[in-house]
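A single structure is presented below for examination.
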Amino acid sequence: MKFARSCPPVAHISVRYIIAGLGPIMIVDREVRKGRSAIFEGNVLGAQRAARSRSIVVVGSGYVGLTLSACLAQLGHEVECTDSSASRVGELAQGRVPVVEEGLTELVGQMLVSGRLRFGTGNARAAAQAEFVFLCLPTPSAADGGADLSFVEAVAVEIGPALRPGATVVTKSTVPVGTGEMLERAIDRSDVHVASNPEFLAEGTALRDCLYPDRIVVGARSDDVARNVADLYGSADDSQLVLTDLASAELIKYASNAYLATRLTFVNSMAEICEAAGADIRSVMTGMGSDHRIGTAFLRPGPGWGGSCLPKDTHALVETAERLGCDLALIKAAIAENAHHNRRVVAKVARALDDDVSGKRVAVWGLTFKAGTDDLRDSPALEIARRLGELGASVQAYDPTVPPGTVPGIEVHSSALSAAHQADALIIATEWPEFASADLAALAAAMRGRVLIDARNLLDAATATGEGFAYSGTGTPAFEKRTSEVAA
Ligand code: UGA
């Protein structure tokens with residue numbers, strides 16, 4: 001483990017876990033990487049203990065809490081995950097995971113069988129037994145754009161008197177700067193520690209991100225407290241360990257998400273100019289990303305960024321900054337430009353349909369904010385569908401994780417082809433792999449129009465054009481133009 005701050009290395013018992021698809025989990029000991037030992041293969045029931053087994057309560061069985069609970073149990077800890085909803089707890093205790101996330105159902109099931117993971121209600125009861133209590137609670141946007149901390153505060157007040165002396169309360173969900181201090185006041189115990197350990201997992205790759213984090217960030221009032229929290233992840237040898245103060249840890253999370261959002265807005269702006277200039281964003285981004293200072297990740301253009309985190313966190317950061325007397329003009333511009341890039345997709349469809357979508361049928365493939373999740377929160381696809389509806393188009397959509405009849409105002413179909421039936425135009429809004437391998441001849445036969453707006457650049461322009469589509473990618477040159485250039 002590399003240290004970002006001058007502090008002595010932590011003694012870790014080093015076990016590294018590899019999620020091998022949906023199959024059994026392969027465990028590779030650090031000795032293997034030194035070429036001295038064997039690979040331990042099998043299911044996680046035989047998992048080696050990553051670190052000294054600790055008793056941990058995770059409050060909140062949402063996306064983050066559930067993933068964290070399963071991963072901490074796999075790392076060898078005794079974990080109880082609590083939730084206020086008895087029915088949700090009942091489902092989870094049966095191994096029924098209510099979110100789409102690769103490998104999570106399997107890992108939760110294995111950890112339940114191992115006995116190291118359990119679910120329950122009653123935060124104070126559970127917290128009374130724990131050495132560490134992780135708060136993984138919702139922090140929805142408040143009316144002013146900031147984060148609503150009422151759930152976090154209420155749980156802190158609830159568990160405060162019950163906590164055992166020496167316990168550490170850790171915020172895991174994204175909370176604004178100053179939350180750690182608020183927690184200290186709410187708990188009001190000099191014998192209890194507070195730490196910030198922001199999560200950086202992304203939906204669709206949650207287990208990998210949790211078990212192989214790029215970095216582990218822990219903020220606390222003392223290095224000892226921070227290091228004790230970091231030690232819970234004893235396996236993450238290749239991770240950067242950042243031990244810092246509470247406010248810096250809290251800000252690292254917001255800074256990271258605001259940076260990613262701004263970077264994507266930049267990419268989408270470059271895509272727009274590529275279209276105007278006849279350039280290809282894929283080449284431009286490959287060229288840019290080859291600079292090691294820039295890197296290749298997070299350079300895919302699309303219909304604007306969305307999801308449960310980037311939109312909420314950028315707004316919350318702007319609000320926090322304003323409260324502290326700072327004007328984050330760059331982040332505000334990234335937010336505004338993001339809405340523009342989303343509207344640009346609708347404008348493209350309208351242009352292709354003679355500037356009038358009223359009465360037209362538009363198919364939308366993909367409704368989730370990205371592939372690999374069933375999360376519809378702040379989804380660019382939904383915003384596109386909504387705007388088209390406002391303009392008088394009838395929208396017929398398909399998404400592999402969204403059943404028909406579940407999205408108010410949108411006619412959701414159970415297959416991509418049926419959503420395209422008699423459509424004048426098709427928008428590919430989410431990068432589900434099945435869209436990349438769609439049968440374009442069958443698609444052309446199903447549709448009555450030929451407008452194809454590929455907001456995620458999934459399809460090959462030449463193939464789509466060959467099937468008679470008027471194809472438009474994001475930041476890619478028109479196919480006809482490219483061929484004429486080649487001919488010249
Ligand atoms: C994001 C961060 O990536 C995580 O590190 C963070 O922990 C998480 O928020 C959080 O705060 O909990 P997530 O919201 O799951 O994760 O999704 P991302 O993969 O970041 O995607 C966000 C949006 O950017 C999506 O709409 C996606 O389609 C878009 N995107 C992403 C692009 O348009 N192009 C890219 O190259 C990458």
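So how exposed is Arg361, as accessible area in Å² (1.4 Å probe, rounded to 10)?
Result for Arg361: roughly 80 Å² accessible.
Next question, about the same structure. Using the Karplus curve 6.51 cos²θ - 1.76 cosθ + 1.60 with θ = phi - 60°, what ³J(HN,Hα) values do you get for each residue of region 94-107, in whole Hz, with x for Gly and Pro?
Once θ is set to phi - 60°, the couplings for region 94-107 become 8, x, 8, 9, x, 10, 8, 7, 4, x, 5, 4, 5, 5 Hz.
To continue, here is another question. Roughly how many Å² is the accessible area per residue of region 337-482, as a whole number, for a 1.4 Å probe?
For region 337-482, the solvent-accessible area averages 40 Å² per residue.
How much solvent-accessible surface does Met270 expose, in Å² to the nearest 10, with a 1.4 Å probe and all protein chains in place?
The accessible area of Met270 comes to roughly 60 Å².
Is the C-alpha gyration tensor of the chain telling us rounded, prolate or oblate? Criteria: a/c under 1.5 is rounded; beyond that, a/b larger than b/c is prolate, otherwise oblate.
Taking the square roots of the gyration eigenvalues as a ≥ b ≥ c, the chain is prolate.
Compute the accessible area per residue over region 107-155, keeping the other protein chains in place, probe 1.4 Å, unit Å².
38
Which cross-chain or sequence-distant (5 or more) residues have an amide H under 5 Å from the amide H of Ile427, H modelled 1.01 Å from N in plane?
For Ile427, whose amide H was placed from the backbone, the distant partners under 5 Å are Ala363, Val364, Trp365, Ile453.
Could you work out how far the C-alpha centroid of region 333-411 sits from that of region 296-310, in angstrom?
Cα centroid to Cα centroid, the span is 16 Å.
Pop out the ³J(HN,Hα) list for region 463-477 in order, Karplus 6.51 cos²θ - 1.76 cosθ + 1.60 with θ = phi - 60°, rounded to Hz; leave Gly and Pro as x.
Per-residue couplings from phi come out as 5, 5, 5, x, 8, x, 7, 8, 8, 9, x, 9, x, 10, x Hz.
What does the charge count around Glu319 come to, taking other residues whose C-beta lies under 13 Å from its C-beta (Lys +1, Arg +1, Asp -1, Glu -1)?
The answer is -2.
Please report the equivalent ellipsoid semi-axes of region 165-313, computed as sqrt(5 x eigenvalue) of the Cα gyration tensor, largest first, in whole Å.
Result for region 165-313: semi-axes of 37, 17, 12 Å.
In region 397-488, carbon and sulfur make up what percent of the accessible area (probe 1.4 Å)?
On region 397-488, the fraction of accessible area on carbon and sulfur atoms equals 56 percent.
Please determine, in degrees from 0 to 90 and to the nearest 10, the orientation of helix 310-323 with respect to the longest principal axis defined by the Cα atoms of the chain, where the helix direction is its Cα long axis.
Helix 310-323 sits at roughly 70 degrees to that axis.
Then there is this: Show the residues, 5+ positions off or on another chain, whose built amide H is closer than 5 Å to the amide H of Gly473.
For Gly473, whose amide H was placed from the backbone, the distant partners under 5 Å are Asp454.
Which cross-chain or sequence-distant (5 or more) residues have an amide H under 5 Å from the amide H of Phe134, H modelled 1.01 Å from N in plane?
The list, which skips near neighbours in sequence, is Val57, Val58, Val59, Val170.
Any chance you could look up the accessible area of Arg189 with a 1.4 Å probe, heavy atoms only, rounded to 10 Å²?
Approximately 60 Å² of Arg189 is accessible to the 1.4 Å probe.
What are the ³J(HN,Hα) couplings of region 365-381, residue after residue, when phi is run through the Karplus curve with 6.51, -1.76, 1.60 and θ = phi - 60°? Round to Hz, x for glycine and proline.
Ordered by residue, 3J(HN,Hα) equals 9, x, 10, 5, 6, 6, 6, x, 9, 9, 7, 9, 5, 6, 7, x, 4 Hz.
Among the trypsin sites (Lys or Arg not before Pro) in region 286-324, which ones are in a DSSP loop with at most 12 other Cβ atoms within 10 Å of the Cβ? Mind listing them?
Arg293
The values are calculated or read from the model by the stated rules, or taken from the named source; none is laboratory data. All values reported here derive from a predicted model rather than from experimental measurement. When we count neighbours, we look across all protein chains shown, and the Cβ atoms used for this are built from the backbone with ideal geometry, even at glycine. Note: areas computed on protein heavy atoms with side chains; ligands, DNA, RNA excluded. Shrake-Rupley method; radii C 1.70, N 1.55, O 1.52, S 1.80 Å.
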